[in-house]
Amino acid sequence: MHSNNFLPLNIRRLQQRAYVETPDTIYWKRLAKPEQIKEHNAVDYLDFSSSDPDNFAVTSSVRVQIYNLVTKLVVKNLSRFQKSAYGAAFRQDGRLLAAGDEEGYVKLFDTTNRSILRLFKGHKAPVHRTFFTADKVHLTSFSDDKTVRLWDVANEKVVQTYEDYHTDYIRAGATHPQAGYMFVSGGYDGKINLYDTRQEMPVQHDLDHGAPVESLVFLPNGGVFVSAGGTQIRVWDMINGCRLLTMMSQHHKTVTCLSLGSDGRRLFSGGLDRHVKIYDVSTYKTVHTINYPNAVVSLAVAAGDQAVVAGMVDGLMVIRRMITENKPSNLRKIRAERERKQRQKKVDADPDPDVPDQPVDHVIKERTKGTGLKSYDVHLRRFNHKKALDDVLQAQKVEEKPELVVAVIIDLLRRRSLGKALIGRTEATLIQIIDFLCEYLSEIRFMRPLLNAASVVLNVFERKLVGCSPKLLKAMERLSVAVYEETLLTFELMHLKGSIDMLLGLSIKNVQPSRKPSVYMEGLPKVTRMQPSRAAQKYVVYVD
């Protein structure tokens, strides 16, 4: 066989799973090029309206602005703040918006006419986060005065004040998506408190995140909530006594914000390391990463993943809209035209009179002599299978590049020559091969080929065990036990996966987002519009 016809051993198929293109990477790469909007100060908080998914609120400096996602223009400008505004969040129906400020007030706005409807007074320090409860009649506020307050929206009165539960600023909170009587708070003391207003002791659980808590979010079913602080993200199972489910440390700087996407099936986290990580909530593994030009301090995802908006520490706001499926023809036309021009350039640069002037799909370059074959490639080309296996089993190669050994084993399995390559070896080399199989058998990327290789080893030596030394017999026993345990573990994981898939399917099926019509139907009574309170009418912003 001529050397020019022999291709080098392909080891690229054994690269790590992180580099393999997955459905998630394909899906999130559909996010279009970033569009930027510059604010004067850091973007403190972002929130999309559920009633109008094209509108989102941006809290920055002394105002809250409602932008339109399509036009990138300001729809409403809520500037009734004497000092910095914080954490403007829409109510579930999108008709009201609540925000805290540096004065310690909580202000309730009507999104249709920009007027202040309620002015909640009571906090003695800045209020950084405000959220409506699931029943839409109460409002929670989280303040730097180390207290959490529950307000009655209609009466403009405080229902309950929770103090002495945190020893530092409270900068994070979240309300249960279905139960209006439950919510959580997170402080810079690293503590997370779960509140239940029905109980005599309101704090049901006191958890330790291990770092100042920056953000909290509930998953759609309400049985799990996620906390972010420091470089860690922790997932808590509220149904099982707030047990810690898992912990993720994918950021190398502080995680500042959390958000949900894909109808709650994906979790987003932004951090000061200028990255936004996307996790699959069924496995809590990272499925995609988005890079940004500066530290990310706020994040919001539109309904149906229509857009991902991130706010930077320098006031820059980056909008990435999802390319919809109704424009595939235009994309195909652009790509086809680009490929046609590239082929035409190649033909013009190197014309060949013997070849007809027609476009080609692929150009096959002739392989030149001396394409660097490695030593194991040379042995494989000469059918010296034992030498090829010995070459990659050197201690340094096994330690630095185990995928090289697996690639040679795969090639020998394909040639059906692995058994022949094992016969006639010394006891030391056989034990070395068995130890390699036992060590790397559990790695998911090597599991299938190494299980086949272990089966070949056991089949070759099962009839020759009488003449084997005690050391080789122990090595064979270790291999047999490793294969059995790996097979048993695979079956158990398959059963567990089936059970989890069934539970997740039932939970997702039962969670149906309630969408109320944006216009009044005929025959139904119109909802009376809330009128501003006296305190809200008397509130005046003084301009220097």
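Within a straight-line Cα-Cα reach of under 20 Å, LYS136 can be paired with the following aspartates and glutamates, leaving aside sequence neighbours fewer than 8 residues apart in one chain: ASP47, ASP52, ASP93, ASP110, ASP152, GLU156, ASP196.
Between VAL460 and ASP435, full extension at 0.36 nm per residue minus the direct alpha carbon distance yields a gain of 7.4 nm. Using the Karplus relation 6.51 cos²θ - 1.76 cosθ + 1.60 with θ = phi - 60°, the per-residue 3J(HN,Hα) values for the stretch 447-460 come to 4, 5, x, 6, 5, 5, 5, 4, 5, 5, 4, 5, 5, 5 Hz, with x marking Gly and Pro.
How much FRET efficiency would the formula 1/(1 + (r/R0)^6) give for LYS420 and LYS253, where r is the Cβ-Cβ distance and R0 is 45 Å, rounded to 0.05? Can you show the working numbers first?
Numbers: r = 54 Å, r/R0 = 1.21.
Given R0 = 45 Å and the Cβ-Cβ separation, E is 0.25.
Enter the accessible area per residue of the stretch 26-86 (Å², integer; probe 1.4 Å; all protein chains in place).
Computed with neighbouring chains in place, this is 48 Å² per residue.
Within 15 Å, Cβ to Cβ, of ALA295, how many net charges do the neighbouring residues add up to if Lys/Arg are +1 and Asp/Glu are -1?
Net of charged neighbours comes to -2.
What FRET efficiency do you get for ALA303 and THR197 if R0 is 25 Å and r is their Cβ-Cβ distance, rounded to the nearest 0.05? With R0 = 25 Å, the Cβ-Cβ based efficiency is 0.30.
Please work out whether the stretch 97-153 counts as rounded, prolate or oblate from its C-alpha gyration tensor, where a ≥ b ≥ c are the square roots of the eigenvalues and a/c under 1.5 means rounded, while otherwise a/b larger than b/c means prolate and anything else oblate? Cα axes put the stretch 97-153 in the oblate bin. Computed from label points 7 Å out along Cα-Cβ, the spacing between ASP168 and LYS72 is 3.9 nm.
Beyond 25 Å, what share of the Cα-Cα pairs of the stretch 92-234 is found? Please give it as a whole percent. Considering the stretch 92-234, 22 percent of its Cα-Cα pairs are separated by more than 25 Å.
Here the stretch 205-264 has an Rg and Dmax of 11.2, 31 Å, counting Cα atoms alone. Solvent-accessible area of the stretch 376-478 (1.4 angstrom probe, protein heavy atoms only): carbon and sulfur portion equals 53 percent. Remark: spin-label model distance SER375-CYS468 equals 2.9 nm, labels positioned 7 Å along the Cα→Cβ axis.
At an R0 of 45 angstrom, the distance between the Cβ atoms of ARG448 and ASN155 translates into a FRET efficiency of 0.10. With the full set of protein chains in place, find how many percent of the accessible area of the stretch 204-263 is carbon and sulfur; take the probe as 1.4 Å. With neighbouring chains kept in place, the figure for the stretch 204-263 is 44 percent.
For the stretch 182-265, the per residue solvent-accessible surface stands at 40 Å², with DNA, RNA and ligands left out and a 1.4 Å probe.
The values are calculated or read from the model by the stated rules, or taken from the named source; none is laboratory data. Computed from a predicted structure; not experimentally measured. Every residue, glycine as well, gets a Cβ built from its backbone with ideal geometry; the counts of neighbours run over all protein chains shown. SASA here: full protein model, heavy atoms, side chains in, ligands and nucleic acids out. Shrake-Rupley method; radii C 1.70, N 1.55, O 1.52, S 1.80 Å.
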